[in-house]
1. Does region 298-339 hold any residues that are part of a strand (DSSP E or B) and of a type in the set (A, V, I, L, M), and which are they?
2. Evaluate region 30-49: report whether one residue or more is loosely packed, with under 15 Cβ neighbours inside 10 Å, in a loop (DSSP other than H, G, I, E, B) and touching a Pro at 6+ places or on another chain (Cβ under 7 Å).
3. Check VAL227 against each of (1) in contact with a strand residue (DSSP E or B) (Cβ under 8 Å, 6 or more places away or on another chain); (2) surrounded by 21 or more Cβ atoms within 10 Å (Cβ to Cβ) and name the one condition it does not meet.
4. Restricting attention to region 182-214, which residues are part of a loop (DSSP other than H, G, I, E, B) and within 30 Å of HIS25 (Cα to Cα)?
5. If GLY80 meets every condition in (1) at positive phi; (2) touching a Lys or Arg at 6+ places or on another chain (Cβ under 9 Å) apart from one, which number is that one?
6. How many residues does region 78-91 hold that are exposed (fewer than 14 other Cβ atoms within 10 Å of the Cβ) and either modelled with pLDDT of 95 or more or closer than 18 Å to THR175 by Cα (or both)?
7. In region 50-75, which residues are closer than 28 Å to GLY96 by Cβ and surrounded by 16 or more Cβ atoms within 10 Å (Cβ to Cβ)?
8. Collect the residues in region 233-261 that are over 21 Å from ASP316 (Cα atoms) and either buried (at least 17 other Cβ atoms within 10 Å of the Cβ) or in contact with a Cys (Cβ under 7 Å, 6 or more places away or on another chain) (or both), keeping them in residue-number order.
Amino acid sequence: MHLVVCLFALVAAVPVEAPVEIEVHPDTVELEQAGQEQLLNLDFVLVSRSTERLTLGAIQLSVRDRNGKLELRREVNSDGERPSIAVIGAHDLEPGRPELVMNPFQRLDGALDARELVFEFKLYGKEETSVARVSVHPRKISPTLVRLPVGGRVLVYDGSDFYSHHRRFDFVSPTARQLGFRSNVLRHALDLVVVDGSGETHRGDPDRNESWFSFGKPVLAAAAGTVVAVVDSRPDARKLDVALLRTDRMAMFGNYVVVRLASGELALYGHIRQGSARCKVGERVSEGQALAEIGAAGGSAIPHLHFELQTTADADGEGRPVRFRNFRRILGGRSVTVTAARIDTGEIVESAAAPTPR
């Protein structure tokens, strides 16, 4: 009897095409080559044209090679007591309201050809199950290679992995929309915190900026380029000025320097110390040159450097992946020298390059 019921359920649940529009962000999907892996950082904005609420119950990825042959199929769904789809959060699609869905398939094997990625979204309504599909053809890239923008030993306090707040910026939320955000400029950002030999971030009263080893440390140019923006007038108050953010979305970084690189990408150095800028707009800077000092202005809970590459000099673009050259990974009592690699949340690294005298 149980088997019959299950078979009937499978037949009855044959999905139809869902009345859902799908946007893919960023517009150009890229597969980042990272050693033996390929990294896929993208989001979907789903807008339901149904008259009823739809619940997202499963996401399936099919990877196809250049000949259209299936290489891999994965799925997160609502099966079990602790369903895998819970990792992306609950998603109920209300009619006409945009909903951000983050890609749960972050890492693919480096051996995959992966010329086409087909995503299927299974949606449950009151009476029927439906499926929305989108196909993307990713561009394989090797990210821009730069040096670490801070000397000494550094903790990657937050990076761009699936659980980082940079990666999980919901740019279609009502608050983000009201502020004018339309993309995730933070997508590949890094928050860097200076640590001592024991991995500690501060000594003394944590409410005092001066207790943090990061505060006042030099910010170094990760690559040569031309300075296109400098702001260093805001106090190191560790407080986001929401009123200012409504007219200037870059205020989330407090004080900052932006440098245009030879690649055309923009390097952003955020939360610099008030009055510490050592460069000006239009100046040509060299790799390793001191640009400013680490501070705590803007949306900075603790003194740290926010570093990223992006497509524009403002907050309206998209974040870009980045790799670093000539550094050491600190692994307890030992270190490993790295010629070129990406870094991410939780790692402790140390530049093997010297700053450029100014």
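1. Quick first cut of region 298-339, residues part of a strand (DSSP E or B) only: 305-310, 319-320, 322-331, 334-339.
Hits for region 298-339 are LEU305, LEU309, VAL322, ILE330, LEU331, VAL336, VAL338.
2. If we filter region 30-49 for residues that are loosely packed, with under 15 Cβ neighbours inside 10 Å, which is where we start, we get 35-36, 49.
Within this subset, residues satisfying the condition of being in a loop (DSSP other than H, G, I, E, B) are 35-36, 49.
Filter once more, so that each one left must be touching a Pro at 6+ places or on another chain (Cβ under 7 Å): 49.
Scanning region 30-49, I find at least one residue that is loosely packed, with under 15 Cβ neighbours inside 10 Å, in a loop (DSSP other than H, G, I, E, B) and touching a Pro at 6+ places or on another chain (Cβ under 7 Å), so the answer is yes.
3. (2)
4. Just the residues of region 182-214 that are part of a loop (DSSP other than H, G, I, E, B), to begin with: 182-189, 195-201, 203-208, 213-214.
Across region 182-214, the qualifying residues are ARG182, SER183, ASN184, VAL185, LEU186, ARG187, HIS188, ALA189.
5. Going through (1) at positive phi; (2) touching a Lys or Arg at 6+ places or on another chain (Cβ under 9 Å) one by one, GLY80 breaks only (2).
6. Going residue by residue through region 78-91, those that are exposed (fewer than 14 other Cβ atoms within 10 Å of the Cβ) are 79-83, 86-87, 89-90.
Within this subset, residues satisfying the condition of being either modelled with pLDDT of 95 or more or closer than 18 Å to THR175 by Cα (or both) are none.
The qualifying residues number 0.
7. Narrowing region 50-75 to residues closer than 28 Å to GLY96 by Cβ: 50-61, 75.
Correct list: SER50, LEU54, LEU56, GLY57, ALA58, ILE59, GLN60, LEU61, GLU75.
8. ARG234, ASP236, ARG238
The values are calculated or read from the model by the stated rules, or taken from the named source; none is laboratory data. Values in this document were obtained by computation on a predicted structure and should not be read as measured data. When we count neighbours, we look across all protein chains shown, and the Cβ atoms used for this are built from the backbone with ideal geometry, even at glycine.
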